[in-house]
Amino acid sequence: METVLKAFTLIADPYTLGVMLLAALFGLFVGAIPGLTATMATALLIPFTFFMDPVPAIAAIVATVATAIFAGDIPGALLRIPGTPASAAYCDETYAMTKKGLAERALGIALVTSVIGGLTGSIVLSMSAPALAEFAIQFSSYEYFWLACLGLSCAVIISTGSTLKGFVSLFIGLFIATIGIDGTAGFPRFTFGSVELMGGVSFIPAMIGMFAISEVLRYVASNRATIAVPQQPVGSVFKGLGSILYKYKINIFRGSSLGAVIGILPGAGADIAAWITYAISKKRSKEPEKFGTGHPEGLVDAGAANNASLAGAWVPAIVFGIPGDSITAIVIGVLYMKGMNPGPMVFIERPELIYAVFIAFFIANLALLPLGFGAIKLSRQILKIPRRVLMPVILVFCMVGAFAINNTVFGITVMLVLGIIAYLMEENGFPVAPAILGIVLGNMVEDNFMASMIKADGDPLGFFSRPIAATLGILTIALWLTPLLVMAFKKYTNRQRQERAV
Amino acid sequence: MPFLKTLKTLALSATVVGAATFVTTMQAYAEYPERPITLIVPWGAGGGTDATGRMIAGLLKNELGQPVNVVNRTGGSGVVGHSAIATAPADGYTIGVVTVEIGMMHWAGLTELTGKDYTPIALYNADSAGIQVRADSEWKSAKDVLAAIKANPGKHKGSGTGQGGIWHLALAGMLQDAGAAADAAPWVPSKGAAPALQELVAGGVDVVTSSVVESSALIKAGKVRSLAVMGEARLGAFPDVPTLKEAAGSDWKMAAWRGIAGPKGMPDEATKKLSVALEKVYKSSEFQEFMNGRGFGLVWKPGAEFATWMEESDAALGGVMKAVGLAK
């Protein structure tokens, strides 16, 4: 109880609250602009968090992403261009509502379900993370090794696009993680005598490059037609909302809880949560034929799910240092920078900081209601801001952020190189998420493998020597073998069928 | 056009600042310090060295009347930042935090730099290594630990930091001093004391030789016990933890330390002013409270004493590193 009170005093500081308000406005702005994602907003925040104490720094990120994911629905509804990938699943639906003259209703539903989803996610986070941390204190290098393997496998399986391309992306990430002095023997790898490379590819410049620079490059390469903004006046946002939400109360619950769970899975974030819950909503609906014609049902599920997944993604990030989505991949870097190294230890050593983060989640999602309402009212003005002015500003912030982490120009080089790599990958259909997980988890897999081998005196059976480790190990191996077994089974049944036909 | 106006103002102020800098460098004989001082921290933001460095920078500013800017220069296991301090212009306007690693990096063949390449100003912190075991461990004293490791070389594993890090040397040196092989308890590298202590609690390793303070949260939570501290005297915050001498009769001592130093050949006036200001900072209630609150050990050794301290530390570290096979 004392910890929770301490956490409240940390958050209730006027500076922290002020930072959160500014961050929320920033999030609304970035989310509402097509092409600027919530992850990018986080990357752009880094130079600012650098000068803050841990709690305001993390609270700023929390507030930014919560509002950005909702704001992504605004251009989705008005222009049929999702503001962030998380709104892509239902942007046809909301646009269809707009064409029926129901733009306000669509955005009102999106806003209220976002708030409910966000609050559900916050509850899931603040309930499950401390319990999981209590359990995770029993984890040794064996368990961490398997967890990291599971995380990497998940990233490939859940990633969008072909599994093969997912694998290629993962290995690019793992390769980047091997650069630098290795943690066990102190041997420099791929450093070519450079002292800068000895420390490895610095994580935050890499993330800024992959999420922000790649987006700037995409803008430069695209045709720069100005977006025509519809000029109809904005009506009442909340009118008639109550009855719709009451009608779909089960959808809200289902979307929120599923979204939080999908968020917890490594590599799957708000966009995948929205796609999956939208599909489930359609499958379970009594009137699936109405989906895509401006029907609110799927929007309720997916609108709640994408905001719920945001908080869910923080569970593995804080407890194990395994990112639940691309936003938390950056958050982990910031946590290290602020001395709040993720893992069960931080729950014992500085629990008030963790609880302050939980409280920040609740505040941010509650504040989303009035702020989001304002954003809907101002949406047409936001969409008119010319992007040829925005992109250079973004580039400057990226450079400042990449430089400030280690006070070295080398950070900017890392950022640019990885930005170009990420751009080329995405242009050719390679998902970026597995590469990011590879960079984040590469060292975790390796260090824990080496530590385990030293502990077990080189005996590979050590990985199965403890009950939890053995369970996780068998689960991981089963996950790897399932596609092969399914393939073999199909071949076998096919041959039998052919033989019978003959 | 307010934007253009701002630009003009900016350009104008830049010129003025530029001119001012030029003028001040011209008057080299004015009293030190007449412009901001840079304090290089060779480790990342958020760590212990960074925290103490920033605290000192803030308090030094009040004493010297000039801002002291902290710059983190990380990478290469501390080589980058330590080189930046040593190779900075020796005018008293660039100083830095030098840490125990300065006596280790050159033995490992990472750099040529040693403590002799600096103008020592003062040592302000030292944290002795402790011997930590799980709360339910059968080992009740440092003697038990040494006896068990000696009886079964290779069986019991230790951890606390990366391979060849300061806490690794603490364990290896202690074993060597007790007449066992330096690697009788194989080292499991970790990314610092916190993950190592988690391994300890989870049963992955048997002993962690990090500083006692680093495990204080787990000691309070009843998950870890500290059996001894490798220092001259018991710690104020842990009066029940005996010294290694009391617990096992061993003279072995090992501590991680931090001090302020500048490049070699700094002007006497600057060195003197800095030492006086730093002593005031060290003795200020603000600094003492901060250090005690965060559990950092307070030790004060100015100028020449700091130089001797660095030399002794260097020799002790070199001895252990050669014994463990980490010296090149």
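The values are calculated or read from the model by the stated rules, or taken from the named source; none is laboratory data. Computed from a predicted model, the values in this text were never measured in an experiment. Here the Cβ positions follow ideal geometry from the backbone for every residue, glycine too, while neighbour counts run over all protein chains shown.
Would you list the helices (runs of 4 or more DSSP H) that sit entirely within the range A:310-399 and hold 1 or more residues that are out of contact with any helix residue (DSSP H, G or I) (no Cβ under 9 Å at 6 or more places or on another chain)?
A:351-383
Taking the range A:22-82 and the helices (runs of 4 or more DSSP H) fully enclosed by it, the elements with 2 or more residues that are closer than 20 Å to A:ALA212 by Cβ and hydroxyl-bearing (Ser, Thr, Tyr) are at A:38-49, A:54-71. Scan the range A:375-396 and tell me whether some residue there is more than 14 Å from A:GLY35 (Cα to Cα), within 14 Å of chain B (Cβ to nearest Cβ) and touching an Asp or Glu at 6+ places or on another chain (Cβ under 6 Å). No: zero hits. Checking every residue in the range B:178-194 against the condition of being at pLDDT 95 or above, touching an Asp or Glu at 6+ places or on another chain (Cβ under 7 Å) and not hydrophobic (A, V, I, L, M, F, W, C) gives zero matches. Scan the range B:280-302 for residues that are part of a helix (DSSP H, G or I) and either within 17 Å of the chain's Cα centre (by Cα) or under 20 Å from B:GLY48 (Cα atoms) (or both) and the total you get is 13. Being of a type in the set (Phe, Trp, Tyr), farther than 24 Å from B:GLU199 by Cβ and surrounded by fewer than 18 Cβ atoms within 10 Å (Cβ to Cβ): is that true of A:PHE167 here? It is true that A:PHE167 is of a type in the set (Phe, Trp, Tyr), farther than 24 Å from B:GLU199 by Cβ and surrounded by fewer than 18 Cβ atoms within 10 Å (Cβ to Cβ). The set of residues from the range B:144-158 being surrounded by 24 or more Cβ atoms within 10 Å (Cβ to Cβ) and either in contact with a Lys or Arg (Cβ under 9 Å, 6 or more places away or on another chain) or over 21 Å from B:PRO242 (Cα atoms) (or both) comprises just one member, B:ILE149. Scanning the range B:254-297 for residues that are of a type in the set (A, V, I, L, M) and closer than 30 Å to A:GLU349 by Cβ turns up B:MET254, B:ALA255, B:ALA256, B:ILE260, B:LEU278, B:VAL281, B:MET291. Considered as a group, the residues in the range A:14-41 that are of a type outside the set (A, V, I, L, M) and more than 17 Å from the chain's Cα centre (by Cα) include one that is surrounded by the fewest Cβ atoms within 10 Å (Cβ to Cβ), and that residue is A:PRO14.
Can A:CYS149 be described as touching a residue at least 12 places away in the same chain (Cβ under 8 Å) and surrounded by fewer than 22 Cβ atoms within 10 Å (Cβ to Cβ)? It is false that A:CYS149 is touching a residue at least 12 places away in the same chain (Cβ under 8 Å) and surrounded by fewer than 22 Cβ atoms within 10 Å (Cβ to Cβ).
If the requirement is being closer than 20 Å to A:GLY374 by Cα, buried (at least 24 other Cβ atoms within 10 Å of the Cβ) and without any contact (Cβ under 8 Å) to a residue 60 or more places away in the chain, which of these qualifies: A:ALA60, A:ALA66, A:ALA110? Only one candidate qualifies: A:ALA60.
Number of residues in the range A:340-358 that are small (Gly, Ala, Ser) and at pLDDT 90 or above: the value is 1. Summed over the range B:180-195, the residues that are more than 9 Å from chain A (Cβ to nearest Cβ) and in a loop (DSSP other than H, G, I, E, B) give a count of 6. Comparison of B:TYR29, B:TYR93 shows that the only residue that is more than 11 Å from chain A (Cβ to nearest Cβ), over 26 Å from A:VAL409 (Cα atoms) and either surrounded by fewer than 17 Cβ atoms within 10 Å (Cβ to Cβ) or at pLDDT 90 or above (or both) is B:TYR29.
Which ones in the range B:150-170 are away from chain A (no Cβ under 11 Å) and free of Cβ contacts under 8 Å to residues at least 40 places away in the same chain? Correct list: B:LYS150, B:ALA151, B:ASN152, B:PRO153.
Tally up the residues in the range B:207-252 that are in a loop (DSSP other than H, G, I, E, B) and at the interface with chain A (Cβ under 10 Å from one of its Cβ atoms), please. The qualifying residues number 2.
Is it true that some residue in the range B:110-121 is free of Cβ contacts under 8 Å to residues at least 24 places away in the same chain, buried (at least 23 other Cβ atoms within 10 Å of the Cβ) and outside any loop (DSSP other than H, G, I, E, B)?
no
For the range B:305-328, which positions are modelled with pLDDT of 95 or more and among the aliphatic types (A, V, I, L, M)? Answer for the range B:305-328, where residues must be modelled with pLDDT of 95 or more and among the aliphatic types (A, V, I, L, M): B:ALA307, B:MET310.
One residue stands out among those in the range B:51-81 that are within 12 Å of another protein chain (Cβ to nearest Cβ) and surrounded by fewer than 20 Cβ atoms within 10 Å (Cβ to Cβ): the one that is nearest to the chain's Cα centre (by Cα), which is B:ALA51.
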